[in-house]
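Taken together, the values in this text are just the output of simple stated rules run on the coordinates, not laboratory data. The model shown is predicted, which means the values in this text are computed figures rather than measured ones. When we count neighbours, we look across all protein chains shown, and the Cβ atoms used for this are built from the backbone with ideal geometry, even at glycine.
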Amino acid sequence: MVSQKIVSIIVLVLSTIAILACLVIDFDAWIVYTVAMFGIPAWVLSLGLLTMAKPKPEDVEGRLKEPFTGY
Amino acid sequence: MNLMANILIQVIIAFLAGSLLLGLHRKIMARVQRRPGPPIIQHLLHSLKFFFKETGFPKTVSKPFYIGITFILALIWVVGVIAGPVAHDSLLILFGVYAVYKIVEHNSGSSSGSPYGKLSCVRAVLSAATELPLFAAIVFVYLVTGTMNIGEIITYQSVHGPLIYTIPLAALMFFMLIITKSPYSPFAITKDKALISGFETEHYGLLRGFMHFSESIAWYVMLWVFLTIFFGPLNAVGYLIGMIVITFITGFINATTPIFSPNHSVMTQITIGAICFFGTIVMIFTGVVA
């Protein structure tokens, strides 16, 4: 879980920097498209991985063993 | 305007407008069925709320695949926004986006390890039949306008009038796709409630919110493409009215139509597609189409 948090922070920072760079500097269109295609989903996903609530330690095992929960 | 700023604005518009339209869709279905229904903003609130809900990764999932497939879903619809509202690029890119969307449905179900997801994954292969009418509709647009480029198609329509009058049956084929992708559609065999939430069953919490984000953009992009290639150059008000009208129509259809069994769903889509396909060919050869 700690490594997941570190990876999420790194991806969030990198995607933020890439998107801001494209906002400030006029790169070629293909560079901007590439950054947008990968950067926007990466930014939303990494932010979500940081904001999501984690199960309580005593509930973790139950959550992982409890598939097919739907909503 | 800076290209990235344009893309960001269009993605945010697509997400907000798509979420509200899907909320409206649910409200319309409820009112047709004489239920009060949730507020129109509920779909948007759900999408945001899921980002803060407790999320775990069940032992049965293939984790990189399980998370990665939601990333791919978002990626392809960002590509849809870029190819459509931002760049007015080729229709073939949007066809490719839709083809990958079917792959996402398939792999999202198989990555979860859930029997419901796997059954939905099998049905996603069956429901790929909807791509045939979509491809036929795009081919007819090309035959009439001589181009696949959305910008040039808009220009063509500003001179010759909307394509809905020229190739209405091709528009009907495209509309079939929109009905298929609308929530609670009679053709939504991958999300049949017998399969809980189908290929999304195991994606809950954050990942469900992320999928809602992508699906809201998907709904907006599909309506935008339909209105753009069949109803000619439209301004913002025209798009808004058009999207609300289509959402009303699909909501009414879905509220009054039970879901088909998989074989009936596929056969109905192929039959309607075939009738529209040969009907359009007859119209072209008899000179009805200019």
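Within a straight-line Cα-Cα reach of under 19 Å, residue B:53 can be paired with the following lysines, leaving aside sequence neighbours fewer than 8 residues apart in one chain: A:5, A:54, A:56, A:65, B:63. Amide hydrogen proximity for residue B:54: with H placed 1.01 Å from N in the peptide plane, the residues at 5 or more positions away or on another chain lying under 5 Å are A:53. The modelled label-to-label distance between residue A:34 and residue B:278, using points 7 Å beyond Cα along the C-beta direction, is 4.9 nm. When a/c is below 1.5 the answer is rounded, else prolate if a/b is larger than b/c, else oblate, so apply that to the protein assembly as shown with a ≥ b ≥ c taken from the square roots of the Cα gyration tensor eigenvalues. Here the protein assembly as shown falls in the oblate category. Between residue B:102 and residue B:152, residue separation times 0.36 nm minus the direct Cα-Cα distance comes to 15.2 nm. From a point 7 Å beyond the Cα of residue A:61 in the direction of its Cβ, which residues of the stretch B:42-77 have a backbone N at a distance under 20 Å? It comes to B:55-61, nothing else. Given points 7 Å out from each Cα along the Cα-Cβ axis, report the residue B:32 to residue A:13 separation in nanometres with one decimal. According to this spin-label approximation, the distance is 5.1 nm. Shape of the stretch B:119-216 from its Cα gyration tensor (a ≥ b ≥ c, root eigenvalues): rounded if a/c is under 1.5, otherwise prolate when a/b > b/c, or oblate? Prolate, since a/c reaches 1.5 and a/b exceeds b/c. Site-free segments of chain B were taken between trypsin sites (Lys or Arg not before Pro) in DSSP loops having at most 14 other Cβ atoms within 10 Å, sites themselves excluded; the longest one is B:60-290.
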